[in-house]
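Asks: Below: one structure in structure tokens.
The values are calculated or read from the model by the stated rules, or taken from the named source; none is laboratory data. Model, not experiment: these values are computed from the prediction. Note that each Cβ is placed from the backbone with ideal geometry, even for glycine, and that neighbours are counted across all protein chains shown.
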Amino acid sequence: MFPEYARSVWDGVIGQARAVEHLGRAAGASVHAFLFVGPPGCTKDEAARAFAALLLTGHDDPDARDARLALAGEHPDVREVQRAGARISAEQVSDIIRAASLAPVEGSRKVMILHEFHLLDATAAARLLKTIEEPPPSTVFIVLADQVPPELVTVASRCVRIEFASIGVDAIRDTLTHEGVEPGTADLAARASEGNLTRARVLAADPGLMERRAAFAAVPTRLDGNGATVVALCTELNALIEAAGAPLAARQAEEADALEARVAAAGERGSGRKQLEERHKRELRRHRTDELRSGLAVIAATYRDALVDGRLPRPEAAATAVHRVHRSLEALDRNPNESLLLQALLLDLPALPS
């Protein structure tokens, strides 16, 4: 059993003690805009809702009505903005500017949480700059980004920047175990998640995780210089990656059912159905890319182990293979055709003795 402890709005923010400390101090004398920067799954989204709850209530009580609604993403004075397309457009920024100018619905303060703003295009950034710089007195912006690209530098300079790190394996494992995941599964999911708690939770519900990791680890020993072998391997790996989306799809189905229940009770207006559908598509796409990224990392680790064990006649071949895998990992950031990328990589890798 876990010991009793005082509940906090920060309970969903894992492994980010420094960021929580900074935000706890900032809530007492809030400025007009904050920029949370950190990789996917680092719980910066949860931190944004927790900080919004603190700004609205003035105290750390997750059971207070305003805090409870803000943490659930349902408070009328906390507006969360998700991108509508591949990038955040000038048209969507116009909607943000209009929403920021409106008075709060219930209290004296309104919080705008802007998700994935590393995907803000340059024209949109220019339009948003003045509003971020001089918002209405009642409005506080929380801007979330995985990194700060050139298009966001000027906007970032108008915000108080809070850094979020990848979550450590131990913290993810402990969180999953606390949530009821069997310790061995929690450990495997934590190690495969690459610091992403959201992904770790999906992997913990995925019975095919060990099979996929074993399949990617075996790739170097199954290569034989034959193109037909590469095509067969890619077909097999792609099928495993597609199947890996099943736990996430099940979780999304639960969210869709909950939305339909709210629509039945409160009506269609402002339901957010389209936004939910778009978010689900993005999540599945990201999950697929993360699966391929994780698999390629396993292949690289197999070649590194071979280099240490001296299993290749030419040691430099293993080092070159690791370099080629890492180039493919970097290429994934440019949104390539993933099947072609995998085929090209496997055709270029040396075989390992089994």
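Listed here are the residues, each with its yes/no results for (1) under 24 Å from the mean Cα position of the chain (by Cα); (2) under 30 Å from residue 175 (Cα atoms).
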{"position": "37", "(1), (2)": "yes, yes"}
{"position": "49", "(1), (2)": "yes, yes"}
{"position": "56", "(1), (2)": "no, yes"}
{"position": "59", "(1), (2)": "no, yes"}
{"position": "70", "(1), (2)": "yes, yes"}
{"position": "79", "(1), (2)": "yes, yes"}
{"position": "87", "(1), (2)": "yes, no"}
{"position": "97", "(1), (2)": "no, no"}
{"position": "105", "(1), (2)": "no, no"}
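Asks: Spot the failing condition for residue 45; the list is (1) touching a Leu at 6+ places or on another chain (Cβ under 7 Å); (2) of a type in the set (Asp, Glu); (3) surrounded by fewer than 21 Cβ atoms within 10 Å (Cβ to Cβ), and only one is missed.
Replies: Looking at each condition in turn, residue 45 falls short on (3).
Asks: Next up: Could you list all residues from segment 265-306 that are of a type in the set (A, V, I, L, M, F, W, C), surrounded by fewer than 17 Cβ atoms within 10 Å (Cβ to Cβ) and free of Cβ contacts under 8 Å to residues at least 60 places away in the same chain?
Replies: 265, 266, 276, 284
Asks: Just name the residue that is modelled with the lowest pLDDT out of those in segment 31-71 that are among the β-branched types (Val, Ile, Thr) and outside any helix (DSSP H, G or I). Steps first, please.
Replies: At the first step, the residues of segment 31-71 found to be among the β-branched types (Val, Ile, Thr) are 31, 37, 43, 57.
Applying the additional criterion that residues be outside any helix (DSSP H, G or I) yields 31, 37, 43.
Numbers: 31: 87, 37: 97, 43: 97.
Within segment 31-71, the match that is modelled with the lowest pLDDT is 31.
Asks: Mind checking whether some residue in segment 298-311 is within 27 Å of residue 249 (Cα to Cα), part of a helix (DSSP H, G or I) and modelled with pLDDT of 90 or more?
Replies: yes
Asks: For segment 96-191, list the strands (runs of 3 or more DSSP E) that sit wholly inside it and hold at least 2 residues that are at pLDDT 95 or above, in the same structural domain as residue 31 (by TED's automatic domain parsing) and in contact with a His (Cβ under 7 Å, 6 or more places away or on another chain); which are they?
Replies: Numbers: elements: 110-114, 139-145, 160-163.
Of the strands (runs of 3 or more DSSP E) lying wholly inside segment 96-191, those with at least 2 residues that are at pLDDT 95 or above, in the same structural domain as residue 31 (by TED's automatic domain parsing) and in contact with a His (Cβ under 7 Å, 6 or more places away or on another chain) span 139-145.
Asks: A further question follows. When residue 210 is evaluated against the numbered criteria (1) closer than 25 Å to residue 337 by Cβ; (2) assigned by TED's automatic domain parsing to the domain that holds residue 289, which criterion, by number, is the only one it fails?
Replies: Every listed condition holds for residue 210 apart from (1).
Residue-by-condition table, conditions (1) modelled with pLDDT of 95 or more; (2) farther than 25 Å from residue 352 by Cα:
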residue: 204; (1), (2): no, yes
residue: 219; (1), (2): yes, no
residue: 225; (1), (2): no, no
residue: 229; (1), (2): yes, no
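Asks: Looking only at residues in segment 326-346 that are more than 20 Å from the chain's Cα centre (by Cα) and among the small types (Gly, Ala, Ser), which one is farthest from residue 231 (Cα to Cα)?
Replies: Out of the qualifying residues, it is 328.
Asks: Could you tell me which residue of segment 97-119 is surrounded by the most Cβ atoms within 10 Å (Cβ to Cβ), considering only residues that are touching a Phe, Trp or Tyr at 6+ places or on another chain (Cβ under 9 Å) and without any contact (Cβ under 8 Å) to a residue 40 or more places away in the chain? Show your work before the answer.
Replies: Applying the first criterion (touching a Phe, Trp or Tyr at 6+ places or on another chain (Cβ under 9 Å)) to segment 97-119 yields 100, 111-114.
Now restrict to residues that are without any contact (Cβ under 8 Å) to a residue 40 or more places away in the chain: 112, 114.
Values: 112: 22, 114: 27.
Result: 114.
Asks: Every residue in segment 8-30 that is assigned to a helix (DSSP H, G or I) and in contact (Cβ under 8 Å) with a residue 60 or more places away in the chain, please.
Replies: Of everything in segment 8-30, those that are assigned to a helix (DSSP H, G or I) and in contact (Cβ under 8 Å) with a residue 60 or more places away in the chain turn out to be 18, 19, 22, 23, 26.
Asks: I need the full set of residues from segment 312-354 which are surrounded by fewer than 15 Cβ atoms within 10 Å (Cβ to Cβ) and outside any helix (DSSP H, G or I), in order please.
Replies: Within segment 312-354, 313, 314, 335, 336, 337, 353, 354 qualify.
Asks: Inside segment 172-197, can you point out the residues that are touching a residue at least 60 places away in the same chain (Cβ under 8 Å) and crowded, with 19+ Cβ neighbours inside 10 Å?
Replies: Selection gives 172, 175, 192, 193, 194, 195, 196, 197.
Asks: Under the condition of being touching a helix residue (DSSP H, G or I) at 6+ places or on another chain (Cβ under 6 Å) and more than 22 Å from residue 52 (Cα to Cα), which residue from segment 121-132 is surrounded by the fewest Cβ atoms within 10 Å (Cβ to Cβ)?
Replies: 123
Asks: Would you mind telling me which numbered condition in (1) in contact (Cβ under 8 Å) with a residue 24 or more places away in the chain; (2) not in a helix (DSSP H, G or I) residue 207 fails?
Replies: Only one criterion in (1) in contact (Cβ under 8 Å) with a residue 24 or more places away in the chain; (2) not in a helix (DSSP H, G or I) is unmet by residue 207, namely (1).
Asks: Would a scan of segment 80-93 turn up a residue that is at pLDDT 90 or above and closer than 23 Å to residue 29 by Cα?
Replies: For segment 80-93, residues at pLDDT 90 or above and closer than 23 Å to residue 29 by Cα: present.
Asks: Can you confirm whether segment 151-161 contains a residue that is surrounded by 14 or more Cβ atoms within 10 Å (Cβ to Cβ) and in contact with a Phe, Trp or Tyr (Cβ under 6 Å, 6 or more places away or on another chain)?
Replies: In the first step, residues of segment 151-161 are kept if they are surrounded by 14 or more Cβ atoms within 10 Å (Cβ to Cβ); the result is 151-152, 154-156, 158-161.
Next cut, in contact with a Phe, Trp or Tyr (Cβ under 6 Å, 6 or more places away or on another chain) only: 159-160.
Yes - at least one qualifying residue is present in segment 151-161.
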